Each structure stands twice: as C-alpha cells, then as structure tokens.
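To start, the structure under review is shown below, and the notes come after it.
The values are calculated or read from the model by the stated rules, or taken from the named source; none is laboratory data. Here the structure is a predicted model, which is why all the values come from computation and not from measurement. Here Cβ is always computed from backbone atoms with ideal geometry, including for glycine, and neighbour counts include all displayed protein chains. Heavy atoms of the whole protein, side chains included, go into the accessibility calculation; ligands, DNA and RNA do not. Shrake-Rupley method; radii C 1.70, N 1.55, O 1.52, S 1.80 Å.
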Amino acid sequence: MKRLSSIYFGILGVIALAFGIADLLVTIGGSGLSFGILEIPCDAFRGGWGGLIILSAGLFYLAGIKNISEIHQISKVMMGSILIWIIAGLDIFAMITESIPGGDRSWFNTLEGFLETYAPPYAPAIFLLPFSLVVFYYILKKERNILKKEKDEE
Amino acid sequence: MNRRNIFLVLVLMSFCIASFAAVIEATPDGVREELPEYKLEPILIYDEGRDLLKITIEDLAESTGEELWECVCRPCSFRVTKTAISQLYEGEEHPTQGELKVIYHHPSGGHRLSFNYLLTEDCCTLEMPAGTSRKKFTMENYCYEFIRTDTGEIFKTRVKAQVFPEGFFVLREKVKSEMATPDEKAEFAKQWSDTRDKFLVMNSYDLFEGVEEAEEEAEEEAPNVVGGATFFSILVAGLILLLIMMYIRRKAR
C-alpha cells in the first residue's frame, strides 16, 4: 500500500512538475498554447506565478514520496495538494464569477452563456485537481492509525 | 498675419472640420433606438503583447465612442473584419494586431475608428473610390480588401447590394445635402435603421460577397454547452459529496 501511494504521488509529482515547467516556458514564450481540452495560459499571473506554484507542488510531491507513511512526508504531499487547490480554486472561482454576469446587454447571463463558461479548454491545475484529492484518503487513514495507536496505549 | 487673424483662421478651420464630421458622423433624426435580438460572437485577436483579446461588438461601439444603435459603420466593419478573419485564418488560429491589414473605401469616422481599434492604425488604409464623396456614397464605398501580411493571402469582399434598400444612396445624398423633404428624411431614417439591423442579424454569407454558407457555419461555432454542463455537473456533484462527507464525519464524532 505504501509502495502504491509512493508510485501514485511520484507520477502525480512528475506530471505537476512537467505542467509547471510548461506553464513557465509558455509564459516566457509569450504565446498561449491550446491542445484539445488543455490550455496553457501565458499571462504573467496565471502562467508565470501559477506555473511556479504548480512546479512547487510537483517538487513537494516528489519530496514527500520517500517513506510516505511518515507524518512529515505526508505533510509534504499534503502541501503539494494544497498548492494545486489554490491554483485550481482560483481558476474555478474565475469561471464562476465570469459565468454569472450577462455583459453589456443584461445583468445576468443566459443559461447557454453560463454553461459555455465552464466548457473546455482548461488550465493544467484543473486536471490535477481530482488526482490531488486522493491525499485525503491517506490523511484520514493516518488519522485513524494515530487514534487507534492512542487507544491502544490507553 | 497677426495673432487675431491666426485665431480666426483656426476657428474657421475647426468649423469646417466639424461640419464635415457632422455630415459623415451624424445619426439621422428619427432612427430606431431599439436594436433587434442579435447574437454575434466576439472577434478573437492577439494584441502585440500576445494576449488574446475578445472584442465584442458592444466593446467596439463603447471604445469608439458611440452607442451601437447610433451607427451602421460599426456593425458593418465588425462583421466584415470577423468574416475576413474566418476566411484567412483556420480553426483555432487567430490574427495578431499589426498582422492583418485592410484597405477600405468608406470615409466615415465609424469605419476608421472601428478598423483602427480592431486592427491598429498602421494597418488601415482608406482609398476613396472615383465618383464618390463624403456626401455621395455608392456600393463602391462598401468594398474591402484584407491582407494577411505573414502569408500574403488576400480576402476581397463587398457588401451585397441586397443589404441596402433600393434608393438608399440617393436618399442619403438628399438628406446629407439638406435637400430632403420631411417624408424623405423619415423614410431615410427607417431605411438606415433597417440597414443597421441587417448588419446585426444577417448571416455573413447574406451580407458579403465571396462567403460560402458552409464557411459561415464554421465561423459561428456552436457554443460548447455540453462540455460546460458536464464540468459544472462534476463541480456541483463534487461539492455535494464533500458536504456529505463532512456531515458524516461530524456525526460520527
């Protein structure tokens, strides 16, 4: 199980690292990239700063995979996930705020316009988001183990 | 020439310029203010810093200093630019400002400001057709040539004659020369409003020469509602799941 989680977060870390580097390269290049449902932004905030955060998330994951059951190691993995949640959360928040107003002609958007806002392409952080949530499973498992240990000691 | 004379000359010159502007820019009296239901996709174009701009027709009107209902030129120049982009660029490809040039033949401020705003000033050239003037327009004023400078491709088009009501230009000339009767002025205001509305609601292939129906369909891509709805559903389902999990955990404690 420990091995499986290390492999999982190792792969996630490498992908996050690759996405972070891609974000930074695209920002330096100054031209946004879009492949199918994936879009790599090129603006300074989402591409540059966001890329740096995704890159850091990848590094945190990779730093935490060795002996992952140890609390300090799992906290590094947790940290990586939190960084992804920040960026993905910002993207989703931007979508929500963009989807509600109707522009110049009306106060509120049409249903079609509302749903269109959530349509692809998406930034890399959105793709990493569901996979980063797996960390909850390990946190809860760790919590259970600690509680069980405490109970046994009592 | 003393200072007073210079001042007088300047004042007279400014009056002349203003009167020319009034002839070209003025919205005819009695035009319909309410616009028809229309849905026009924005023009997607990169600025010089390679940021992708989404310019709607409302943005264009606002940025060039007029309400949309006050002008025929803004809807016309917006539609012709969008059509030219769809003809010269494929799929996800978008032009960059400074790369797409236009030669137009319409001396109005609406055309000039719109093209300058959309494509930048250096890329817009006005060439007045023979036999036309600021007061006398013909169909020749509604011809456009777009040049994609990176590939050398050219798209030439003109507004179809059917877009303008019969006798529109004759009536316009009369109105602009202050020779029209009140009935003719009212008729012109109606025709003017109808023409403006056509530029907002008609398909590109009905408005401009050289545009095929299938190309128009590709230009106006259907919004991806299914993709958006799927993502939104996942988002809502995830949120509900999270709340349920939190509730169960709290209850378990």
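Points worth noting:
- Note on segment B:35-149: antiparallel DSSP beta bridges, both residues inside, total approximately 70 percent of the bridges counted.
- Estimated FRET transfer efficiency when R0 is 25 angstrom, pair B:Lys251-A:Lys66 (beta carbons, to 0.05): 0.10
- Rounded to the nearest 20 debye, the dipole size of the protein assembly as shown about its Cα centre is 2000 debye, using +1 on the Cβ of Lys and Arg and -1 on the Cβ of Asp and Glu.
- Fluctuation leader among B:Ala180, B:Ala61, B:Ala189 - chain B, Gaussian network, Cα springs under 10 angstrom: B:Ala180
- Cβ-based net charge around B:Lys156, under 9 Å, with every Lys or Arg adding one and every Asp or Glu removing one: -1
- Computed E for B:Asp194/B:Glu140 - FRET, C-beta separation, R0 25 angstrom, nearest 0.05: 0.75
- Within segment A:53-117, the chymotrypsin sites (Phe, Trp or Tyr not before Pro) that combine a DSSP coil assignment with at most 10 other C-beta atoms in a 10 angstrom radius are A:Trp107.
- Summed buried accessible surface, chains A and B, 1.4 Å probe, nearest 100 Å²: 1700
- Charges were assigned to the Cβ only: +1 to each Lys and Arg, -1 to each Asp and Glu. The resulting dipole of segment A:79-154 about its Cα centre is roughly 320 debye.
- Ranking B:Leu243, B:Gly167, A:Pro41 by how far each Cα lies toward the positive end of the dipole of the protein assembly as shown (charges on Cβ) leaves B:Leu243 at the top.
- Shielded by partner chains, segment A:115-146 residues - at least 50 Å² of accessible area, 1.4 Å probe, vs chain alone: A:Leu115, A:Glu116, A:Tyr118
- Helices that extend 15 Å or more along their long axis by alpha-carbon positions and average at least -0.5 on the Kyte-Doolittle scale are, among the DSSP H runs of chain A, A:2-29, A:50-64, A:71-99.
- Pairs of lysine residues in chain B - Cα separation under 12 Å, sequence separation of 8 or more or cross-chain: 9
- Think of each Lys and Arg Cβ as +1 and each Asp and Glu Cβ as -1; about the Cα centre, that makes the dipole of chain A roughly 740 debye.
- Cα-based reach from A:Lys149 at 21 Å (exclusive), listing lysines while leaving out same-chain residues under 8 positions away: A:Lys2, A:Lys141
- Summary of the geometry: segment B:163-177 and segment A:1-57, compared by the centres of their Cα atoms, lie 59 Å apart.
- Cα-based shape type of segment B:139-238, given that a ≥ b ≥ c are square roots of the gyration tensor eigenvalues and the cut on a/c is 1.5: oblate
- Solvent-accessible heavy-atom area per residue, rounded to whole Å², over the protein assembly as shown at 1.4 Å: 56
- The angle between the Cα long axis of helix B:109-119 and the longest principal axis of the Cα atoms of chain B comes to about 40 degrees, rounded to the nearest 10.
- Comparing B:Met202, B:Thr125, B:Ala180 along the charge dipole axis of segment B:37-222, the residue lying farthest to the positive side is B:Ala180, per the Cβ-charge model.
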